[in-house]
Structure formats: C-alpha cells, structure tokens
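> This structure is in structure tokens; I'll ask about it shortly.
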Amino acid sequence: QVQLVESGGGLVQPGGSLRLSCAASGSTFSIYATGWYRQAPGKQRELVAIITSSSSTNYADSVKGRFTISRDNAKNTVYLEMHSLKPEDTAVYYCRMFRGAYDYWGQGTQVTVSS
C-alpha cells in the first residue's frame, strides 16, 4: 500500500514563501503523476498543480507564476515551492499520486498565510 506523507506547512506572513514536500513509499513512484491540491474552510478541494511522470506541469491560474511543482524520483518526493503567498492561499494542502485506477492521497498539511 502506498503512503504519502506531506511536510513543510506552517504559518507565514503575506508575501512569504514555503516549500511543501510529499514523500511516497514504494518503488514505482516515477510512473505516477503527482499533484498538489488544497481545501480552504467551507470550500471544495481544488487543484493547485500537477506534474506528470514525464515532468510536464500544469497549474491553477490562481498560482501561476508564484508556485512551482517539481519531483525527485530518486527520493520518491514531490515538492511545491510557494512564493508571494497571499491570505487566500490559506488551506490544507494535499498531495496526490495517481495512475489509472490507482489513486492515493496524503493526510494534508496546513498552510496559513496571515500577518
């Protein structure tokens, strides 16, 4: 069974930066697409960024130019670099790893942007 463990969340001031990490168990990480999603209180979970097994990326319009997703297959880890953070980025951020019928989620890490 694949397990995903997120880390790197926390409290940051507006304009600040954070880097989220998601470490996956298992040896087939490289063949999966991975992504970051977020859910703010009272809102639906939404896509933040995706990176495919061939490292193609896609971003939500709200984070383009501020966030960067990357992966290190040797470490079974996907990252989300977040810059110029805004209060509206406050949410629980979830990591996802998926391929066909296989779909795995992490437990989430809280990101709070506040002064």
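The values are calculated or read from the model by the stated rules, or taken from the named source; none is laboratory data. If you're wondering where the values come from, they're calculated on a predicted model, not measured in any experiment. Note that each Cβ is placed from the backbone with ideal geometry, even for glycine, and that neighbours are counted across all protein chains shown. To get the accessible areas, we keep the full protein, side chains included, count just its heavy atoms, and leave off ligands, DNA and RNA. Shrake-Rupley method; radii C 1.70, N 1.55, O 1.52, S 1.80 Å.
> Mind checking the dipole of the chain: about its Cα centre, +1 per Lys or Arg Cβ, -1 per Asp or Glu Cβ, Debye to the nearest 20?
That gives the chain a dipole magnitude of about 60 debye.
> Just grab the label-to-label distance for R19 and S56, each label 7 Å out from Cα along the Cβ direction, in nm (one decimal).
2.7
> Hand me the trypsin sites (Lys or Arg not before Pro) from segment 4-67 located in a DSSP loop with no more than 12 other Cβ atoms within 10 Å, in residue order please.
Sparse-neighbourhood loop trypsin sites (Lys or Arg not before Pro): K43, K64.
> OK, next. Hey, any idea what Rg/Rh is for the chain, computing Rh the Kirkwood way over Cα pairs?
My calculation puts Rg/Rh at 0.95.
> If r is the Cβ-Cβ distance from E81 to Y102 and R0 is 30 Å, what FRET efficiency results, to the nearest 0.05?
Details: r = 26 Å, r/R0 = 0.87.
The computed FRET efficiency comes out at 0.70.
> Give me the percent of accessible area attributable to carbon and sulfur for the chain, probe 1.4 angstrom.
The C+S portion of the solvent-accessible surface of the chain is 46 percent.
> Ordered by residue, what ³J(HN,Hα) values in Hz, to whole numbers, does segment 68-78 give under the Karplus form 6.51 cos²θ - 1.76 cosθ + 1.60, where θ = phi - 60° and Gly and Pro are x?
So the J values, rounded to whole Hz, are 9, 9, 8, 9, 10, 5, 5, 9, 6, 9, 10.
> Leaving out ligands and nucleic acids, note down the accessible area per residue over the chain with a 1.4 angstrom probe, in whole Å².
53
> Still on this model: Would you kindly calculate the mean projected area, averaged across all directions, of the convex hull enclosing the Cα atoms of segment 1-53, in square nanometres? Write out the running numbers ahead of the final one.
Details: hull surface 19.8 nm².
Directional mean of the projected Cα hull area for segment 1-53 stands at 4.9 nm².
> Applying the Karplus parametrisation 6.51 cos²θ - 1.76 cosθ + 1.60 with θ = phi - 60° to the phi angles of segment 16-22, what ³J(HN,Hα) value in whole Hz is obtained for each residue in order, glycine and proline being reported as x?
Once θ is set to phi - 60°, the couplings for segment 16-22 become x, 9, 9, 10, 8, 10, 9 Hz.
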